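First up is the structure itself, then whatever we jot down about it.
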Amino acid sequence: MKMKAALLFIIALVITFAFLWRPYFEMELASSAYYSQNDKREYEYYTPELFKMMPRISSTYSFQYISNHDARKRLYGIRFDGTSETEKLKSWLQLAGYKPQATCDTSAECWRKEDSDNVVSLYSSANPDYVVIQLSQK
């Protein structure tokens, strides 16, 4: 009887653990996510500190996360709608130790921090108005 009770307790413990941690397992295995700052679990899990501290240049913005598990490369992004102004972001990137690069692999403006493989890409469009900033991490 004690053995049966112990087994039931262990099963209940495993089920509880799986239930509580399931969302985190799903986020770890996800290849992409689109979320807002109001999605607390996703925001805390996916958003790099650089983006958490970054000034918000619009009241309408969303986040994205993309992972290439094979290459161990991750891409994080913020899209600000209703603006094409990037000066506040550029000033903030400079204060954070990033420097504009002479060349970029995309049509964006690329920024890099010394001694880092991470690249910050800054895109802007005037029609429609939006700004996208992405952080590529290896």
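Where a number appears in this text, it was derived from the coordinates with a stated rule and is not lab data. Here the structure is a predicted model, which means the values were calculated and not measured. Neighbour counts are summed over all protein chains in view; Cβ atoms, including those assigned to glycine, are modelled from backbone coordinates with ideal geometry.
Pairwise Cα separations in segment 1-41 fall into 10 Å bins from 0 onward with the following percentages, short to long: 24, 32, 22, 15, 7, 0. Diagonalising the gyration tensor over the Cα atoms of the chain and scaling each eigenvalue by 5 before taking the square root yields semi-axes of 40, 17, 12 Å, largest first. With a Förster radius of 30 Å applied to the beta-carbon distance between Ser125 and Glu44, the computed FRET efficiency rounds to 0.55.
Each Lys and Arg adds +1 at its Cβ and each Asp and Glu adds -1 at its Cβ; summed about the Cα centre, the chain shows a dipole of about 600 debye. Taking 13 Å as the straight-line reach from the Cα of Lys73, the aspartates and glutamates in range (excluding those fewer than 8 positions away in the same chain) are Asp117.
On the basis of the beta-carbon distance and an R0 of 22 Å, Lys138 and Ser58 show a calculated FRET efficiency of 0.15. Straight-distance candidates among the lysines for linking to Lys90, with alpha-carbon spacing under 20 Å and chain neighbours fewer than 8 residues away dropped: Lys52, Lys99, Lys113. Taking only Cα atoms, what is the 0 to 90° angle, nearest 10, from helix 2-29's long axis to the longest principal axis of the chain? Roughly 10 degrees, rounded to the nearest 10.
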